[in-house]
1. Kindly establish whether residue 54 is in a helix (DSSP H, G or I), out of contact with any strand residue (DSSP E or B) (no Cβ under 7 Å at 6 or more places or on another chain), surrounded by 11 or more Cβ atoms within 10 Å (Cβ to Cβ) and not basic (Lys, Arg).
2. Identify the single condition in (1) free of Cβ contacts under 8 Å to residues at least 12 places away in the same chain; (2) under 12 Å from the mean Cα position of the chain (by Cα); (3) open to solvent by less than 70 Å² (accessible area, probe 1.4 Å) that residue 61 does not satisfy, given that it satisfies every other one.
3. Do we find a residue being within 12 Å of residue 56 (Cβ to Cβ), open to solvent by less than 70 Å² (accessible area, probe 1.4 Å) and in contact with a Phe, Trp or Tyr (Cβ under 7 Å, 6 or more places away or on another chain) anywhere in segment 36-43?
4. Would you tally the residues in segment 7-29 being part of a helix (DSSP H, G or I) and open to solvent by less than 70 Å² (accessible area, probe 1.4 Å)?
Amino acid sequence: MAVMTGAEYDALVKLMRGNPESAANRAARRVLVDGITQAEARRETGATRSTVSDAVTRYQEADRLIRVAYGVEKTV
């Protein structure tokens, strides 16, 4: 299930100074934007389980914090 648009993901990567070409970021983008599973993303990119999981978590949390800060989402 996709949780953000490609433009939103690209903005997060830029703001967080990530490398969009890294295996972790390519995998996280596929999970968060395209809605594939982390296992599928790992197979596609060759990234490790923990690398993909950490990247997905990092970008999901950053997305949540930005949405809360701008009042798009309430804190939970």
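1. Yes, satisfied.
2. It fails just one condition, (3).
3. Scanning segment 36-43 turns up no residue that is within 12 Å of residue 56 (Cβ to Cβ), open to solvent by less than 70 Å² (accessible area, probe 1.4 Å) and in contact with a Phe, Trp or Tyr (Cβ under 7 Å, 6 or more places away or on another chain).
4. Counting residues in segment 7-29 that are part of a helix (DSSP H, G or I) and open to solvent by less than 70 Å² (accessible area, probe 1.4 Å) gives 10.
The values are calculated or read from the model by the stated rules, or taken from the named source; none is laboratory data. For clarity, every value in this text was computed on a predicted model and none was experimentally measured. Note: ideal-geometry Cβ built from the backbone for every residue, glycine included; neighbour counts use all protein chains shown. Calculation scope for accessible area: heavy atoms of the full protein, side chains included, ligands and nucleic acids excluded. Shrake-Rupley method; radii C 1.70, N 1.55, O 1.52, S 1.80 Å.
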